[in-house]
1. Filter the strands (runs of 3 or more DSSP E) completely within the range 391-454 down to those with at least 2 residues that are assigned by TED's automatic domain parsing to the domain that holds residue 308.
2. Identify all residues within the range 358-389 that are farther than 20 Å from residue 433 by Cβ, surrounded by fewer than 19 Cβ atoms within 10 Å (Cβ to Cβ) and without any contact (Cβ under 8 Å) to a residue 60 or more places away in the chain; write none if there are none.
3. Please go through the range 325-347 and pick out each residue that is part of a loop (DSSP other than H, G, I, E, B) and either on the phi > 0 side of the Ramachandran plot or crowded, with 17+ Cβ neighbours inside 10 Å (or both).
4. I need a count of the residues in the range 233-256 that are at pLDDT 85 or above, buried (at least 17 other Cβ atoms within 10 Å of the Cβ) and over 13 Å from the mean Cα position of the chain (by Cα).
5. Which of the residues belonging to the range 449-480 are surrounded by 10 or more Cβ atoms within 10 Å (Cβ to Cβ), modelled with pLDDT under 75 and closer than 21 Å to residue 412 by Cβ?
6. Restricting to the range 143-153, give me the number of residues that are in a loop (DSSP other than H, G, I, E, B) and surrounded by fewer than 22 Cβ atoms within 10 Å (Cβ to Cβ).
7. Please work out which residue is surrounded by the most Cβ atoms within 10 Å (Cβ to Cβ), limiting yourself to the range 297-312 and to residues that are in contact with a strand residue (DSSP E or B) (Cβ under 8 Å, 6 or more places away or on another chain) and at pLDDT below 95.
8. Looking only at residues in the range 206-217 that are part of a loop (DSSP other than H, G, I, E, B) and touching a strand residue (DSSP E or B) at 6+ places or on another chain (Cβ under 7 Å), which one is surrounded by the most Cβ atoms within 10 Å (Cβ to Cβ)?
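The values are calculated or read from the model by the stated rules, or taken from the named source; none is laboratory data. Keep in mind it's a predicted model, so treat the numbers as computed, not measured. Because the Cβ atoms are built from the backbone with ideal geometry, glycine has one as well, and the counts that use them run over all protein chains shown.
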């Protein structure tokens, strides 16, 4: 794909330590320590090119309907004016800003101008507001204006006009986020394996008209996959999306919260590249919200999430929850249960130790989950699903509004070890998806009657009763007798050979 070839050139340009000569001195290019740095430093340039193409599409649509169109950006800040002024033959004007002039314009004029959109936008659900949000959070760290010019010229070759081009760009961006997840530095908070997300979305099966929420949005993988699921499901039915459906998906369906600045920006960008122009993602600490303040109007039909686990929350944050614990994931689970509407559905990734931990908080949260929700399915995942995380996880599927009577477990047993070079794929999960429809028993699946578990600990860990029993180990005496018999057999064969010599 053309853009993928360009992508490799961009990476070389932005992630080099080669000294470049500027107009006044020698400086070193900003070096990308990982994919995380690379994505951060190309996101804002990609966004401005996307915005330029969006403006062209809006202007064309207005002309076709006989309406006038007012551009989002003032003329001086249009991509075609400051970034890539063109000659009549289509080539970039050699008088275009470069070197120190370009860096000074970006840092001192462009970024301050774009930041102001956050305060001047009509509402947070507009692309104008998102422009202000993005440029309030990101900084240009590409120090060489010559390097920046090179990157701009390459990105100018990308197109965001057709559906196919936008799909290709979203795929490219996703691949970079995946590499971030594999690159360490807490990369798992940015990337949940997409085969797992797609499987969770299939099982929860959101529908157009429902609200979908992720309170630990990260790179927005769950929301992007849910959007793809809803659009593809509609197309598969032969209906396509009506104008009303499109507006519903754009403004009234997807909601998220994210605490960390870079993750917030990457999640926003990822949703924009997938086709959601003004994502309803809020930059905030989800756990700072007191659960008692959540009202019916704040609740959602569907929760899809992989909250961070292993973190420790401060005492003041714990005060927002009825069950107080420092474990981040346990607080998120309480939040998700509370924020679901009655009848709402959820698919949540959590450490497998949640099923059996004996501390008071874990026991209390399990009791709440089983009492207020129908925990109908638990997917037990092998180690290695999350690259570099070093923990085993499960996926909890539940519906709010009725107590759990029976839980269906599926243990994913693979004939290979998972890792960076051998990741989880959708075919690995195909049997789970099929059997889950009817909660069928198999060698890898079984059901657990909740009335039969310990009602004081609510321990949900269970040994698979359908696993074939292994042959018992032989005793030392049996092994020695077998060795003795083999020695006698060998002696007879050797004697036969000697008699022939």
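1. Per the criteria, 393-400.
2. Once the filter is applied, which keeps residues that are farther than 20 Å from residue 433 by Cβ, surrounded by fewer than 19 Cβ atoms within 10 Å (Cβ to Cβ) and without any contact (Cβ under 8 Å) to a residue 60 or more places away in the chain, the range 358-389 yields 359, 360, 361, 364, 368, 371, 372, 383.
3. Residue satisfying the conditions is 325 alone.
4. So the count comes out to 7.
5. Across the range 449-480, the qualifying residues are 462, 467.
6. 1
7. 306
8. 217
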